[in-house]
């Protein structure tokens, strides 16, 4: 399992969180045995732990509901896209390299929550001899993945992800970037990270220069930030993103829509207005994927459409450039809005090329929080998602 040996000090024991009311850690002991808890002291300091509705607390705080839902560990069927260890290839021009299973802090809603399973075998049993998800799906050695990319000239952009690639040592990150940049047909390298929100002090000038080492005037490296709430855009976080921008990196942002966290048009507008004003381009807002343990974050689809519409009405053109999408097993489906009595969707990217740009509709009065029924009703087969 790819672990970073140089991580900033983190809190892994809920009882060590300063300000957490007495008894709350004990009440969640079973949850953290099943799904790990991890938070940086910096991010813990942003939270009002006495307020159970604090949106930043809701991002990171284990809750007993995580043990009661029956959702899948892999709702987007990422296993079907894993071509070699640590590499996913779902859409022709795009490959993902999963470099680590570690993040600075663990989001409770993560769609790769299977990577944060605890180590107590009483809580999750897998077949004898089978590697766990992180060992199957991430890799410290990307040589096999890079060889796959070299053999597929249709791949022109590569996303480094995980986990969080910025949890790697600078030397390992530099090596990975150089290996990917050495492939002639790769134009764009993207790095997905929430470190600017969770641990901005980690974004040193040296780390910014490491990221920029693979960037050229004709082939930029992009940093895909994951700011989820406007309160994460602290002076420290903005200093970190400015260091990245000053190094010549292109910054964008993507965020899930989450019940209790940012499911408010004023908050979403505030977040995207501030992102745009600081030069971080809004890229995606994601419908929350129905992953084991995150059912409490789901926003019903019709409500989500109206919320996004109201958010865009509050924003200027630069701030509302994001697409509202769902990363479904059959493709990345853009949620366009309402037409008459229907919700309307379009395949922004499709696993099956025949589905590319195809329109889908769904009666707005029929409540759903995910798109399996929508896709099936429009004549597409929904892949069977395998449990972890």
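The values are calculated or read from the model by the stated rules, or taken from the named source; none is laboratory data. Computed from a prediction, not measured in an experiment: that's the story for all the values here. Backbone-built Cβ (ideal geometry, glycine too); neighbour counts: all protein chains shown.
Results, tabulated for the structure shown:
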| read-out | value |
| --- | --- |
| Meets criteria (without any contact (Cβ under 8 Å) to a residue 60 or more places away in the chain, more than 17 Å from the chain's Cα centre (by Cα) and farther than 22 Å from residue 348 by Cα) for residue 319 | no |
| Listing of helices (runs of 4 or more DSSP H) fully contained in the stretch 139-222 that carry 2 or more residues being closer than 30 Å to residue 108 by Cβ and touching a helix residue (DSSP H, G or I) at 6+ places or on another chain (Cβ under 7 Å) | 170-181, 195-198, 205-212 |
| Residue 269 being surrounded by 19 or more Cβ atoms within 10 Å (Cβ to Cβ), under 23 Å from residue 223 (Cα atoms) and more than 17 Å from the chain's Cα centre (by Cα) | yes |
| Flag for residue 328 being under 30 Å from residue 269 (Cβ atoms) and surrounded by 13 or more Cβ atoms within 10 Å (Cβ to Cβ) | yes |
| Subset tally (residues that are under 14 Å from the mean Cα position of the chain (by Cα) and surrounded by fewer than 23 Cβ atoms within 10 Å (Cβ to Cβ)) for the stretch 230-255 | 2 |
| Residue in the stretch 358-373 that is surrounded by fewer than 19 Cβ atoms within 10 Å (Cβ to Cβ), in contact with a strand residue (DSSP E or B) (Cβ under 8 Å, 6 or more places away or on another chain), at pLDDT 95 or above and farther than 17 Å from residue 301 by Cα present | yes |
| Qualifying positions in the stretch 325-357 - in contact with a helix residue (DSSP H, G or I) (Cβ under 7 Å, 6 or more places away or on another chain), without any contact (Cβ under 8 Å) to a residue 40 or more places away in the chain and within 25 Å of residue 89 (Cβ to Cβ) | 345, 347 |
| Test for residue 343: is it touching a strand residue (DSSP E or B) at 6+ places or on another chain (Cβ under 6 Å), assigned to a strand (DSSP E or B) and within 24 Å of residue 266 (Cα to Cα) | yes |
| Residue in the stretch 234-242 that is outside any helix (DSSP H, G or I) and either closer than 27 Å to residue 268 by Cβ or out of contact with any strand residue (DSSP E or B) (no Cβ under 8 Å at 6 or more places or on another chain) (or both) present | yes |
| Residue among 111, 115 that alone is closer than 30 Å to residue 151 by Cβ, at pLDDT below 95 and in contact with a strand residue (DSSP E or B) (Cβ under 8 Å, 6 or more places away or on another chain) | 111 |
| Only one of 14, 99 that is closer than 29 Å to residue 264 by Cβ and in contact (Cβ under 8 Å) with a residue 40 or more places away in the chain | 14 |
| Cβ pairs under 7 Å, 6+ apart, first in the stretch 173-197 and closer than 12 Å to residue 216 by Cβ, second assigned to a helix (DSSP H, G or I) | 186/149; 186/180; 189/177; 189/180; 189/181 |
| Selection from the stretch 272-282 of residues that are in contact with a strand residue (DSSP E or B) (Cβ under 7 Å, 6 or more places away or on another chain) and surrounded by fewer than 19 Cβ atoms within 10 Å (Cβ to Cβ) | 279, 281 |
| Among residues of the stretch 97-112, those that are surrounded by fewer than 23 Cβ atoms within 10 Å (Cβ to Cβ) and closer than 28 Å to residue 187 by Cβ, counted | 1 |
